[in-house]
Amino acid sequence: MTSSLLFSLHRALFGAIPKNLKGLRVKITNNLLIWQAFFDTEPTEEEKEVLSVACTEVIADFPNIIKVEEEYLYHPSPLKNTTIEEWVFVRWEPEIKKDPMN
């Protein structure tokens with residue numbers, strides 16, 4: 001992730017992180033912006049709209065982007081395999097311990 005993308009994301013997301021958001025993955029590749037938001041519960045229209053506006057603000061900073069894939073996903077379990085390169089935001093979550101008797 002480039003520093004210009006990081007600065008753009010920081011500005012666009014300031015005050016725009018819904019309480020329900022557990023992670024946001026952003027990647028630009030071949031003039032395509034991939035924007036994936038992961039939520040604890042089914043995201044509301046308002047939560048999706050707030051993040052969509054932030055996505056639009058990022059797009060405005062990169063005129064070479066010609067296609068956008070926005071996803072707003074319900075993901076009840078903890079996020080796994082998160083590498084820092086594409087993740088803008090990942091909320092800490094305690095690990096779910098399995099009952100050894102089950």
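The values are calculated or read from the model by the stated rules, or taken from the named source; none is laboratory data. Everything numeric here is computed off the predicted structure, so don't read it as measured data. Please note: Cβ atoms are built from the backbone with ideal geometry, for glycine as well, and neighbour counts cover all protein chains shown.
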**OP:** From Ser8, Ser4, grab the single residue that is surrounded by 14 or more Cβ atoms within 10 Å (Cβ to Cβ), at pLDDT 95 or above and in a helix (DSSP H, G or I).
**Re:** Ser8
Original post:
Out of the stretch 73-97, which residues are in a loop (DSSP other than H, G, I, E, B), touching a residue at least 12 places away in the same chain (Cβ under 8 Å) and of a type in the set (Ser, Thr, Tyr)?
Top reply: Ser77, Thr82
Original post:
Can you name the residue in the stretch 13-42 that is among the basic types (Lys, Arg) and out of contact with any His (no Cβ under 7 Å at 6 or more places or on another chain) and is also surrounded by the fewest Cβ atoms within 10 Å (Cβ to Cβ) among such residues?
Top reply: Lys19
Original post:
Within the stretch 1-33, can you find the residues that are free of Cβ contacts under 8 Å to residues at least 40 places away in the same chain, of a type in the set (Val, Ile, Thr) and under 15 Å from Glu71 (Cα atoms)?
Top reply: Ile28
**OP:** Check the stretch 24-34 and report whether any residue there is of a type outside the set (A, V, I, L, M, F, W, C), assigned to a loop (DSSP other than H, G, I, E, B) and at positive phi.
**Re:** yes
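Each row is one residue, and each column tells you yes or no for (1) at pLDDT 95 or above; (2) hydrophobic (A, V, I, L, M, F, W, C); (3) farther than 19 Å from Ala37 by Cβ.
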site: Leu51; (1), (2), (3): yes, yes, no
site: Val58; (1), (2), (3): yes, yes, no
site: Phe62; (1), (2), (3): yes, yes, no
site: Glu71; (1), (2), (3): yes, no, no
site: Tyr74; (1), (2), (3): yes, no, no
site: Pro78; (1), (2), (3): no, no, no
site: Val90; (1), (2), (3): no, yes, no
site: Pro100; (1), (2), (3): no, no, yes
